[in-house]
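The values are calculated or read from the model by the stated rules, or taken from the named source; none is laboratory data. Bear in mind the structure is a predicted one, so any value in this text is a computation, not a measurement. Don't worry about glycine lacking a Cβ; one is built from the backbone with ideal geometry, like all the others, and counts go over all protein chains shown. Each accessible area value is taken on the protein alone, full model and side chains, heavy atoms only, with ligands, DNA and RNA left out. Shrake-Rupley method; radii C 1.70, N 1.55, O 1.52, S 1.80 Å.
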Amino acid sequence: MTLNAQPVDLQQIRAHIRDQLSPLVEAIDREGLYPREFMHGLGRLNGFCAVAPVAYGGLGASLANQIEVTALVSETCGSTGFVVWCQAACVWYLTHCPNEAVRARYLPAVARGELLAGTGMSNTVKHLSGIEAIRLKASRDGDGYRIDGTLPWVSNLAENQLIIAAAALDEGGYLMFAAELDPQQVELRACPTFAGLEGTHTFNVRFRDTRVSADQVLAHPEQFATHIQRIKPGFCLSQIGIGAGIVRTSIDSIQRINRSLAHVNCFLDDQHDELVTELDEVLEHTLAQARQADSASTDMLSVLRLRARAAELSLDATRSEALHTGARGYLMNHGAQRRQREALFVAIVTPALKHLRRDIRALEQAC
Ligand SMILES: Cc1cc2nc3c(=O)[nH]c(=O)nc-3n(C[C@H](O)[C@H](O)[C@H](O)COP(=O)(O)OP(=O)(O)OC[C@H]3O[C@@H](n4cnc5c(N)ncnc54)[C@H](O)[C@@H]3O)c2cc1C
């Protein structure tokens, strides 16, 4: 099943993925290549701007359209699907933030993919769920703030590009801000080698007395809770695009190998038809919830359950593909190997499966 394709031109985007991303997949996975030109090109094809208002160069369309773009990219490369999510998540935050000045300053360039943007929100999202302490601290400085602290892993970053993150204010409350990655103000340090997702330009980010002016603030303390509530459903739902793309390719791979091995593969769990049915269901509900997220009318418990199902399905489908493809799929250059690592990332990136199950249980108990 494909989510509503209008008005993003998916044909053009498919051709861009085939020509500009497919040839790079091995280098992205094995050598940590970041596909920068592909990302800028995707921006020119409206690959990040579905939800941005027309007045800011966007399409004024649905989050469902953005999810489909992320899924298309993830069919070919889950790692690149993740950085597409990072960029599109920043568009989502800026589109729905209450401050016009920051939207005017950054949204057009981020939506067009001219300015690359990373989302350093995992720590805050975990902190707000009571899982860990907040890592960034802020103090007031005129009508802006100064930021200190370190975020261990943030992706889709490069010098002089953008990061969106949140910090705790010393006098109480939180703020969400955008900071330009000027090396004098924000230090990017290399991370240790990851098991996958090496081509995501993921860095350890150090803020040292970093100045954030009023037109870089997405939400001041009095606006913060409402803004997080506004963006969180879309944050979770749009990650489902990464999982959906990976699962689609695993399903296709299972179908291909079954042409010769169905007589023995039929003894495996998570058969082709079961996976198709499960993916169709997840996507159908994602479409419905994404439309509700456009107008801030989602049910958070349903969103969290759906996001958790997508993580579980990613794990099940990629493991099933590995078992179906057997020794062929055990070759390091077979996509089944890469997809298992990419699917695992869908289950550990915030909100991780364990975090989702914790939040789901808390909401169920509150009902
Ligand atoms: C490849 C990659 C890309 C990521 N990109 C982003 C991004 O763009 N934006 C973003 O906000 N987050 C990003 N993250 C972080 C991710 O979303 C999770 O928050 C992170 O993986 C921690 O989740 P956890 O469930 O392991 O934490 P928990 O198991 O709850 O661990 C608690 C905390 O322990 C610390 N910790 C554990 N192991 C280590 C370690 N080896 N080194 C340092 N600290 C450690 C971390 O602070 C972690 O949050 C990325 C992580 C990875 C691996």
From Cα pairs below 8 angstrom and at least 6 apart in sequence, can you work out the relative contact order of the chain, rounded to a whole percent?
18
Sequence of His263, His355 from largest to smallest accessible area, 1.4 Å probe
His263, His355
Whole-Hz ³J(HN,Hα) for each residue in region 109-115, computed from phi via Karplus 6.51 cos²θ - 1.76 cosθ + 1.60 with θ = phi - 60°, x for glycine and proline: what do you get?
6, 6, 5, 7, x, 7, 10
Calculate for the chain the 222 nm mean residue ellipticity that helices alone would give, adding -39,500 (n - 2.57) per DSSP H run of length 4 or more and normalising by residue count, nearest 500 deg cm²/dmol.
-18500 deg cm²/dmol
Ranked output for segments 248-258, 307-317, 132-142 by mean other Cβ atoms within 10 Å, highest leading, reads 307-317, 248-258, 132-142
Taking a probe of 1.4 Å and leaving out DNA, RNA and ligands, the chain shows per residue an accessible area in Å² of 41
Cα centroid distance between region 86-135 and region 299-349, in Å?
26
Assuming 0.36 nm per residue, please report the length gained on full extension of the stretch Leu261 to Ala101 beyond their Cα-Cα distance.
51.7 nm
Choice from Asn156, Asn265, Asn46 with maximal GNM fluctuation in the chain (Cα, 10 Å cutoff):
Asn265
With +1 on each Lys and Arg Cβ and -1 on each Asp and Glu Cβ, how big is the dipole of region 224-366 about its Cα centre, in debye rounded to the nearest 20?
560
Interchain or sequence-distant (5+) residues whose placed amide H lies within less than 5 Å of the amide H of Ile131 are none
In units of 2.2 N^0.38 Å, what is the alpha-carbon radius of gyration of region 10-115?
1.05
Classify region 67-204 from the C-alpha gyration tensor, please: rounded if a/c falls under 1.5, else prolate or oblate depending on whether a/b exceeds b/c.
prolate
Accessible surface of Ser122 in the full protein assembly, 1.4 angstrom probe, to the nearest 10 Å²?
40
Which of Met39, Met176, Met332 ends up with the largest GNM mean-square fluctuation for the chain, with Cα atoms connected below 10 Å?
Met332
Hey, if you drop one equal point scatterer on each alpha-carbon of region 185-319 and run the Debye formula without solvent, what base-10 log of I(q)/I(0) do you get at q = 0.17, 0.18 Å⁻¹?
-1.04, -1.08
Could you tell me how many degrees, from 0 to 90 and to the nearest 10, lie between the Cα long axis of helix 78-96 and the main elongation axis, the longest principal axis, of the Cα atoms of the chain?
40
Running a GNM on the chain with Cα contacts under 10 Å, which residue among Glu274, Glu114, Glu321 ends up with the highest mean-square fluctuation?
Glu274
So for the pair Ala214, Arg357, with labels modelled 7 Å out along Cα→Cβ, what separation do we get in nm?
4.8
What is the set of long-range amide H partners of Gln161 at a cut-off below 5 Å, with H atoms built 1.01 Å from backbone N?
Leu181
Please report the carbon-and-sulfur percent of the accessible area for region 10-115; probe 1.4 Å, protein heavy atoms only, DNA, RNA and ligands left out.
50
In degrees, nearest ten, helix 272-294 long axis to first principal axis of the chain (Cα):
20
Starting from the residue with the highest accessible area, list Phe194, Phe267 in decreasing order, probe 1.4 Å.
Phe267, Phe194
Given an 8 Å cut-off on Cα distances and at least 6 residues of separation, report the relative contact order of region 144-289 as a percent.
24
So how tilted is helix 335-348 from the main axis of the chain? Cα-based, degrees 0 to 90, rounded to 10.
40
For region 222-268, state the average projected area of the convex hull of the C-alpha atoms over all orientations, rounded to one decimal in nm².
4.2
Where only alpha carbons of region 303-367 are counted, the Rg and the Dmax (Å)
14.6, 48
So for the chain, using the alpha carbon gyration tensor with a ≥ b ≥ c as root eigenvalues (a/c under 1.5 gives rounded; past that, a/b versus b/c decides prolate or oblate), I'd call it prolate
